[in-house]
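*Asks:* Before we start, here is the structure in question, set down as structure tokens.
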Amino acid sequence: MKPWKKALKVGLVGATGVVGETFINMLEEYAFPIAELRPFASDKSLGVKLELAGKEWACQVLKPGCFDGLDMVFFSSGDDISKEWAPQAVKSGAFAIDNSNAFRMDQGINLVVPEVNGHLLNENSKPQIIANPNCSTIQLVVALKPLYDKFGISDVTVSSYQAVSGAGLPGFDELLDQTRNFQTPDHAAKIFPKQILFNCIPQIGGFGADGFCTEETKIMNETCKIMGDDKIKVSAFTVRIPALNAHSEAVWVTLNKPATKDEVINTLGSFEGLAVMQDDYPTAIDVSGEDPVFVGRIHQDRHNPNRWLMWVVSDNLKKGAALNGLQIAERIFS
Ligand SMILES: NC(=O)c1ccc[n+]([C@@H]2O[C@H](COP(=O)([O-])OP(=O)(O)OC[C@H]3O[C@@H](n4cnc5c(N)ncnc54)[C@H](OP(=O)(O)O)[C@@H]3O)[C@@H](O)[C@H]2O)c1
């Protein structure tokens, strides 16, 4: 990361969640210059102390004026909290980087993956709400962008295999509980629609009248917004699997121009934030805890030579949430 212009005063809403925890770990990992960390969580976490930069910072609850004096606030505690409080952060003079779905498709709100459309932000940007895309969209667009720039893209089909950490700490706990008690005949599903242990669930979020579930709709809408091209035909099918962390995606992408396999591999391999694997392929376990988006199993379709298949894996808590948020901050403050 580039050097930062000044030590920042940072608010973190949802500090005790899985994304919040990853965000704090990444602030430490990247030696992010912190003048103040102001963590926020629910009433039950009031006063809980979180460690960063050799100091302890106590969790607060949200209340009027709670963002005063902050440079930026990262929101990671759900749509309703973001809807109510992100505008308050901007009123207090802070940038609100929002990890929820609340503002992503709003006109006039930037939906940013820095490697793809980071030009929307710079050091002269004024305090505003900036939306962090959905985790499964982020890794997809990082893999699509270099192909789009070099060859053009007409359509994309994606099938996802998503880890339980994408459903937050309760999702993580549900798989671990079911694993500990794997001999129990009935596993009560609370967070996921069905038992997740030993299973694959073809539903992430509720179903719309068109038969798509919300995760699929997010991927299809957000991809076009981030790529700045409504003409790309995106079709998504999302599946929750019993991986703990890191989302995997099988992607079929149709290019507008012919390309050789070497050209496709070199184009992907030279793009910032992408790591191409040729002799092996990435899996969720290998990639969990890593920063880049990994791509493997790149090969040409049998029936359409302009159509390419690839396997895209990334840590949903890092590039899919906290790292992308920090990279947004980097565009503004470094
Ligand atoms: N997990 C992912 O891979 C991922 C990726 C991209 C985006 N997101 C989005 O990030 C958000 C949070 O996800 P998560 O996975 O970190 O969830 P999580 O593990 O369930 O954490 C939720 C956080 O919100 C806090 N919270 C709950 N009620 C609150 C309130 N009234 N005021 C302030 N804080 C409150 C919780 O605090 P307590 O501990 O005190 O309850 C906790 O810190 C969601 O919008 C999710 O869609 C998640």
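*Asks:* Take the stretch 37-52 and flag every residue that is open to solvent by less than 60 Å² (accessible area, probe 1.4 Å) and either at pLDDT below 95 or in contact with a strand residue (DSSP E or B) (Cβ under 6 Å, 6 or more places away or on another chain) (or both).
*Replies:* Matches in the stretch 37-52: L37, R38, P39, F40, G47, L50, L52.
*Asks:* If you check D186 against the conditions, is it modelled with pLDDT of 95 or more and more than 21 Å from S314 (Cβ to Cβ)?
*Replies:* No; evaluated as a whole, the condition is false for this residue.
*Asks:* Out of D155, D149, D210, report the one residue that is outside any helix (DSSP H, G or I) and open to solvent by 80 Å² or more (accessible area, probe 1.4 Å).
*Replies:* Details: D155 fails: open to solvent by 80 Å² or more (accessible area, probe 1.4 Å); D149 fails: outside any helix (DSSP H, G or I).
One residue alone meets the criteria, D210.
*Asks:* Out of (1) at pLDDT below 95; (2) of a type outside the set (A, V, I, L, M); (3) not in a loop (DSSP other than H, G, I, E, B), the odd one out for W4 is which?
*Replies:* (3)
*Asks:* Here's another thing I want to ask about it. Return the residue satisfying two criteria in turn: it lies in the stretch 13-36 and is away from the ligand (no atom under 14 Å from the Cβ) and open to solvent by less than 20 Å² (accessible area, probe 1.4 Å), and of such residues it is modelled with the lowest pLDDT.
*Replies:* F32
*Asks:* Quick one: in the stretch 53-86, which of the residues that are more than 15 Å from the ligand (Cβ to nearest atom) and more than 13 Å from V13 (Cβ to Cβ) is nearest to the chain's Cα centre (by Cα)?
*Replies:* Checked the stretch 53-86; the qualifying residue nearest to the chain's Cα centre (by Cα) is D71.
*Asks:* Only one residue in G289, G273, G296, G269 is open to solvent by less than 60 Å² (accessible area, probe 1.4 Å), under 17 Å from the mean Cα position of the chain (by Cα) and more than 17 Å from T137 (Cα to Cα). Which one?
*Replies:* Among G289, G273, G296, G269, only G289 is open to solvent by less than 60 Å² (accessible area, probe 1.4 Å), under 17 Å from the mean Cα position of the chain (by Cα) and more than 17 Å from T137 (Cα to Cα).
*Asks:* Assuming Q88 fulfils every condition listed in (1) polar (S, T, N, Q); (2) open to solvent by less than 40 Å² (accessible area, probe 1.4 Å); (3) outside any loop (DSSP other than H, G, I, E, B) apart from one, which condition is it?
*Replies:* Condition not satisfied by Q88: (2).
*Asks:* So which residues in the stretch 300-334 are within 12 Å of the chain's Cα centre (by Cα) and among the hydroxyl-bearing types (S, T, Y)?
*Replies:* Matches in the stretch 300-334: S314 only.
The values are calculated or read from the model by the stated rules, or taken from the named source; none is laboratory data. Since the model is a prediction, treat every value here as computed from it, not as a measurement. Note that each Cβ is placed from the backbone with ideal geometry, even for glycine, and that neighbours are counted across all protein chains shown. Ligands, DNA and RNA are stripped out before the accessible areas are found, and what is left, the full protein with its side chains, is counted by its heavy atoms. Shrake-Rupley method; radii C 1.70, N 1.55, O 1.52, S 1.80 Å.
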